[in-house]
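The values are calculated or read from the model by the stated rules, or taken from the named source; none is laboratory data. Everything numeric in this text was worked out from a predicted model, so none of it was measured. With ideal geometry, Cβ positions are generated from the backbone for all residues, glycine too; neighbour counts draw on all protein chains shown. Side chains are part of the model used for accessible areas, which takes the heavy atoms of the whole protein and leaves out ligands, DNA and RNA. Shrake-Rupley method; radii C 1.70, N 1.55, O 1.52, S 1.80 Å.
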Amino acid sequence: MHRKTISVIVSCAILLSAIPLQDVSKLQTFAAGTDTEAAENESTYESVRYRICSDHIEITGCVPRTRGMVIPAEIDGLPVTTIREGAFQENAMFDSLMIPESVVEIKANAFAGCDVLNTIYYKGSAAQWDAITVEDGNQRLRFADIYCDYNKPVVERENVFVPGKDNWCFRNSHENFGNGFYVMTEEHSALASERIKLSAGTVWEGSCYGMAVTTVLACAGLLDPASLQADASSLYEIDAPPELNVLSTINYYFRTQFSEPQYLRKNQFFESSAMKIQRLLDYLADDSPVLLSINGYWGEVDGYANHSVVAYDVVYGSYEWDGITYDGKVLIYDNNYPELPDECCLYFNSDDLTSYTLPQCGIISGKHGGILSVMEDIDILNYHGLYCGNLHADSASNHLIVSGDMISVPYSLHTAVVQDQNWSISETLDEKAITYVSQKGKMQLALESKNGYALQMESPVLLDLTVPYEASPMQIYADSAAQAVFTPNGYAQLGGTDMEFCITMASESEMWEQISVKGSGADSVMIEQTENGWILRSDNLHAVSLRVKDSDTAVHGAFSTDHTKVFLSVSESGEINAFADMDNDGSYETDVPVNMDYVLGDVNNDGEIDAVDAAIVLTAASAVGAGRDSGLSLMQEAAADVKQNSTVNAYDASYILSYSAKRGAGSELTFEEYMDSVY
């Protein structure tokens with residue numbers, strides 16, 4: 001049982017501080033920036049502002065501080081067809097949105113400046129989405145993840161609750177859930193990306209909301225039990241104690257109650273219990289299950305606590321509890337009691353809905369507890385859900401979010417094409433085509449993944465970009481860059497002044513996943529993926545260090561040459577090879593020796609492993625911790641990574657220092673023997 005004891009006064013304060021969204025009211029409002037006539041004709045429904053235009057509804061905006069929103073398919077019986085010009089313009093909090101299939105037109109600048117809008121749930125198909133008329137100024141829609149067929153059932157169901165089928169066979173209890181809210185890494189990341197409150201429920205106090213919501217979704221055909229357990233055709237057939245993936249799904253939906261649409265909808269604070277019961281009866285008229293949230297009372301010790309159950313039918317007769325006779329009974333599945341006992345049902349008098357009781361939860365009208373909310377809207381209950389729809393293929397493949405620190409000087413962005421290791425500008429992008437997010441000094445450029453790009457700065461700056469092309473993701477770093485070029489087929493180029501640089505990109509090799517090239521003193525550097533390796537070109541190829549790695553192994557090398565262009569390759573045995581093109585005819589005939597020898601712990605390569613090496617590692621670790629480059633070559637990083645976990649940190653320095661002290665005390669252990677003894 002979810003028994004998080006709360007104070008009634010604190011509950012009221014929290015509920016009063018929330019923006020009340022009421023299904024039964026349409027509040028007149030005036031919108032800033034609209035003319036007087038428009039404002040007088042504008043109304044509010046839940047979190048959206050709208051106006052009536054003869055035979056349809058036009059969405060004009062949203063209530064202040066809205067982050068996630070569900071646009072209804074109709075209001076007052078009229079279809080919602082249009083999102084007005086500038087409706088959500090410059091909304092810096094707007095991160096997700098549900099659009100019904102009734103919408104056929106999105107006018108100019110409706111989403112201009114919505115820099116954090118990253119997820120759109122669309123009720124129609126991908127073809128219907130593509131058919132929507134979208135006017136200029138809505139570039140952000142091109143880069144959001146668009147889920148089409150939102151909440152389209154995956155299992156054919158009649159959306160009715162069947163006892164012994166749609167209730168979980170196990171209880172909402174510590175025995176089944178343990179002491180913490182277990183959520184799998186991928187699903188936890190999804191919650192974090194949707195900015196759903198993650199701190200709630202650090203210590204397990206009940207997963208009632210998750211169990212109730214998953215039951216409602218299963219009845220609607222959105223949750224296929226076979227996706228959780230191969231041999232299960234119903235929730236009730238899923239084994240107990242539940243497997244971790246089952247716990248994760250339930251707890252994921254438990255957390256979704258903290259998403260904005262659910263949180264605001266479920267706090268129907270300004271409605272009386274009688275109004276909520278009447279709405280519950282109206283919802284149950286078509287036999288579809290309803291989420292019922294209550295504030296129960298479990299005695300002086302446990303006090304008041306919130307709880308969520310599923311109401312699924314109404315029957316009439318004569319029922320007596322605590323000396324009071326009731327003529328109606330709402331059948332309820334309480335996840336604390338999968339046996340569905342009569343004590344878990346809600347009893348009421350149909351001629352006076354202020355008289356009711358829910359015995360198992362200690363609710364007695366006018367005495368203990370009460371009804372918090374009733375919800376049946378799948379669009380709300382499954383908002384940010386695991387079973388929302390299909391990611392539009394075009395949306396998934398077309399957008400590219402290049403991230404990095406904010407560029408401190410004026411810059412311009414151009415599409416670029418590359419031929420024969422040289423690039424040229426194809427098109428200059430104006431400011432409207434560059435959508436960026438500035439938060440804590442970070443920048444995001446929203447681009448199209450099919451193109452190559454040239455980023456040009458007015459003067460050299462520190463540049464640190466992550467470019468997540470699907471086939472050739474790369475990391476581009478330079479301490480004094482005035483220009484960066486990158487393309488989706490594995491090409492990166494930097495131009496600047498006396499740069500320290502490091503370029504890392506994915507490898508097409510079957511043996512190796514990525515290559516990193518690091519050097520200094522260059523005004524230009526270029527690396528390009530080829531079928532058999534990489535072409536590296538720079539005006540300074542002295543003291544260049546390399547790292548090639550897969551998931552388990554990394555090999556390091558370093559070379560120096562007066563030539564300006566070399567071909568790099570790696571054998572299956574892990575040997576790095578370099579060849580120079582002396583006459584620039586495209587053939588690489590001259591061997592460039594590559595040093596692949598380094599001594600673990602001897603960072604400065606002076607033949608000693610001592611406090612000097614430890615100090616170098618500590619300085620490098622501090623730089624990395626502050627978000628800067630380590631200052632080490634890749635060969636030095638390999639020597640410094642004494643724990644061999646691909647990370648240089650203070651622990652590596654401490655091992656080197658400890659070994660140096662033991663050697664000073666007369667130990668004859670080699671460094672490898674010492675590391676084997678302590679790590």
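Using alpha carbon coordinates only, what is the Rg to Rh ratio of the chain, with Rh defined as the Kirkwood radius?
Numbers: Rg = 31.3 Å, Rh = 29.4 Å.
Looking at the chain, the ratio lands at 1.06.
Just the number, please: carbon plus sulfur as a percent of the accessible area of the chain, 1.4 Å probe, no ligands or DNA/RNA counted. The computed percentage sits at 48.
Under a 5 Å amide H cut-off, with hydrogens placed 1.01 Å from N, residue 429 pairs with 413, 414, 415 among residues at least 5 apart or on other chains. Dividing the helix sum by the residues of the chain, where each DSSP H run of 4 or more adds -39500 (n - 2.57), gives a mean residue ellipticity at 222 nm of -5500 deg cm²/dmol. Beta-bridge orientation, the chain: approximately 90 percent antiparallel, per DSSP, counting only bridges with both partners inside. Between residue 672 and residue 448, the contour length at 0.36 nm per residue exceeds the alpha carbon distance by 75.8 nm.
Packing, taken as the mean count of other beta carbons within 10 Å per residue, orders the peptides 138-144, 319-325 from highest to lowest as 138-144, 319-325. Annotation: peptides 661-668, 628-635, 363-370, ranked by per-residue average of other Cβ atoms within 10 Å with the highest first, follow the order 628-635, 363-370, 661-668.
Residues in the chain average 44 Å² of solvent-accessible surface per residue, probe 1.4 Å, ligands and nucleic acids excluded. Between the amide H of residue 541 and those of 561, distances stay under 5 Å, these residues lying 5 or more places away or on another chain, with hydrogens modeled in the peptide plane.
For 670, 357, the ranking by accessible surface with the largest value first comes to 670, 357, using a 1.4 Å probe.
Phi angles across the range 413-429 convert, under the Karplus curve 6.51 cos²θ - 1.76 cosθ + 1.60 with θ = phi - 60°, into 3J(HN,Hα) values of 10, 9, 6, 9, 10, 10, 8, 6, 6, 10, 10, 8, 6, 9, 7, 9, 8 Hz, Gly and Pro given as x. Maximal additional length on extending the residue 158-residue 612 stretch stands at 156.1 nm, based on 0.36 nm per residue less the C-alpha distance.
Any idea what the relative contact order of the range 539-679 is, in percent, if you count C-alpha pairs under 8 Å spaced at least 6 apart?
18
When a/c reaches 1.5 or more, the comparison of a/b and b/c decides; with that in mind, is the range 134-192 rounded, prolate or oblate per its Cα gyration tensor? Oblate, since a/c reaches 1.5 and b/c is not below a/b.
Relative contact order of the range 141-207, please, whole-number percent, based on alpha carbon pairs below 8 angstrom and at least 6 residues apart.
That works out to 33 percent.
In terms of its alpha-carbon gyration tensor, the range 100-141 comes out oblate; a/c meets the 1.5 threshold, while b/c is at least as large as a/b.
Pairs exceeding 27 Å between alpha-carbon atoms, taken from 565/643; 442/518; 276/367: 565/643. Take 254-260, 645-651 and order them by the average number of nearby Cβ atoms within 10 Å per residue, most first; the result is 254-260, 645-651. Please compute the contact order of the chain in relative form: average sequence separation of alpha-carbon pairs under 8 Å and at least six residues apart, divided by the residue count, as a percent. For the chain, the relative contact order is 8 percent. Annotation: amide H of residue 94 within the under-5 Å range of 116, sequence separation 5 or more or interchain, hydrogens built in the peptide plane.
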